[in-house]
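Written below as structure tokens is the structure these notes are about.
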Amino acid sequence: MAILTTEGLTYTYSAGTPFEKTAVDHVTLEIGQDQMIGVIGHTGSGKSTLMQHFNGLLQPTEGKVLLSGKDIWADKKMLREVRFRVGLVFQYPEYQLFEETVFQDIAFGPKNMGLSEEEIRRRVLWAADALGLERGLLGRSPFALSGGQKRRAAIAGVMAMQPEILILDEPCAGLDPCGRRLMLQQIGNYQRQSRSTVLLVSHSMEDVAEYTQKLLVMNKGRLFCYGDTSEVFRRAEALREIGLRIPQITSLMLALRQRGYDLPEDIYTVAQAKDALLRLLRREEQTC
């Protein structure tokens, strides 16, 4: 069942001026519940603009955004509820920290929801635990944290609202490889525990290959394709044609296929490649 739907969604910046530019062009799609979805596209493809429509930060020039079947712009009073149900975390969210303590920063969203103090505390602790923030840090100033800890605190502030849809715009930007992997693992754990829908905007094909079940690909403001991750990466040549690279392991497997090795077309993680190569070696041993 679709929780979020767009119908002919179009957005034009500076409409009616010499600087007019259509950033999102008649996008129609359905996003289901309890999914981890990667959002990819080259710079300027319209992916970030599209994401900002999902929680009402931008109003469509044409078309509709439907949340649980209801047009989010049908009644502007509804937008407050929409933004609690669809959480959006911008790139480098740590720059938006402002409270005196980490606890207060994470609690800011739940407080605005009018929740009880007991429920706010429960959600803050739950979100901090989900992102691996030690409870001893909650009483400290957010500005005394390390860069990675600040990032986690900022994301926890949105998670604490327990949105049905969580949009993360490049959540791993600037993190080292270890921090990147830990962050993605924690986001994946959060998605499974909360059974929410997570939209992960990323330039890393390896990240979306490993952690998402579906991929949404934007190109020049249009929806290029949307489907299971394996199906999308099977279209390797088409992705290259629009300026996107495929995961390195996929490139390697395609090169081996071209040299005559009997390998599947839809390998896009190291684990899949390992299994496929071991099967191939066993077959080769049996024929010797």
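When the listed pairs K150/K274; K76/K214; K47/K150 are checked against a 27 Å cut-off, the alpha-carbon distance exceeds it for K150/K274; K76/K214.
Could you tell me the calculated FRET efficiency between Q96 and Y261, based on Cβ-Cβ distance and R0 = 45 angstrom, to the nearest 0.05? It would help to have the intermediate numbers written out before the result.
Working: r = 49 Å, r/R0 = 1.09.
Plugging the Cβ-Cβ distance into 1/(1 + (r/R0)^6) gives 0.35.
Restricting to Cα pairs below 8 Å that are 6+ residues apart, what does the relative contact order work out to for region 247-288? Please round to a whole percent.
37 percent
Label sites at R240 and L175, each approximated as a point 7 angstrom past Cα along Cα to Cβ, lie 3.1 nm apart. Summing Lys and Arg as +1 and Asp and Glu as -1 over all other residues whose Cβ lies under 12 Å from the Cβ of L182 gives a net charge of +3.
The Cα atoms of the chain give a gyration tensor whose axes a ≥ b ≥ c have a/c of 1.5 or more with a/b no greater than b/c, which makes the shape oblate. Reported to the nearest whole Å, the Cα centre-to-centre distance from region 149-172 to region 5-28 is 27. For G46, the residues whose amide H sits under 5 Å from its own are G221, ignoring neighbours fewer than 5 places away on the same chain, with H placed 1.01 Å from N.
Segment R222..D129, full-extension length gain: 29.7 nm, with 0.36 nm per residue of separation and the alpha-carbon distance subtracted.
May I ask for the percentage of alpha-carbon pairs in region 247-288 that lie more than 13 Å from each other?
Working: 425 of 861 pairs.
Roughly 49 percent, rounded to a whole number.
Cross-link partners of K21 among aspartates and glutamates, defined as those whose alpha carbon lies under 18 angstrom from its own and excluding same-chain residues fewer than eight positions apart: E62.
In percent, what relative contact order does the chain have, based on Cα pairs under 8 Å that are 6 or more apart in sequence?
Details: 509 pairs, mean separation 61.6, N = 288.
Averaging sequence separation for qualifying contacts and normalising by length gives 21 percent for the chain.
Could you order peptides 66-73, 101-108, 251-258, 154-161 by the average number of other Cβ atoms within 10 Å of their residues, highest first?
Working: 66-73: 16.2, 101-108: 22.4, 251-258: 14.8, 154-161: 25.1.
Those peptides, ordered most packed to least, come out 154-161, 101-108, 66-73, 251-258.
Annotation for R80 and S146: the two label points, set 7 Å from Cα along the Cα-Cβ direction, are 4.0 nm apart. I'd like the orientation of helix 177-194 relative to the chain: the angle between its Cα long axis and the longest Cα principal axis, in ° from 0 to 90, rounded to 10. Helix 177-194 sits at roughly 70 degrees to that axis.
Taking each residue as 0.36 nm, the span from K274 to S251 lengthens on full extension beyond its C-alpha to C-alpha distance by 6.8 nm. Converting phi to 3J(HN,Hα) with the Karplus coefficients 6.51, -1.76 and 1.60 and the offset θ = phi - 60°, region 205-217 yields 5, 5, 5, 5, 5, 7, 10, 10, 9, 9, 10, 10, 10 Hz in sequence order, with x at every glycine or proline.
Using the Karplus relation 6.51 cos²θ - 1.76 cosθ + 1.60 with θ = phi - 60°, the per-residue 3J(HN,Hα) values for region 270-276 come to 4, 4, 5, 5, 4, 4, 5 Hz, with x marking Gly and Pro. Each of M1 and K21 was given a label point 7 Å from its Cα along the Cα-to-Cβ line. The distance between the two points is 4.0 nm. Each part gets one Cα centre, and for region 32-101 versus region 235-260 those centres are 32 Å apart.
Residues in region 263-268 carry Karplus couplings, in order, of 10, x, 7, 9, 8, 9 Hz; the curve used is 6.51 cos²θ - 1.76 cosθ + 1.60 with θ = phi - 60°, and Gly or Pro positions show x.
Once the Cα atoms are used to define both axes, helix 248-258 deviates from the longest principal axis of the chain by about 20 degrees.
Quick note: the coordinates plus some simple rules give every number you see, no bench work behind them. All of these numbers come straight from a predicted model, not from anything done at the bench. No Cβ is skipped: glycine too gets one built from the backbone with ideal geometry, and neighbour counts run over all protein chains shown.
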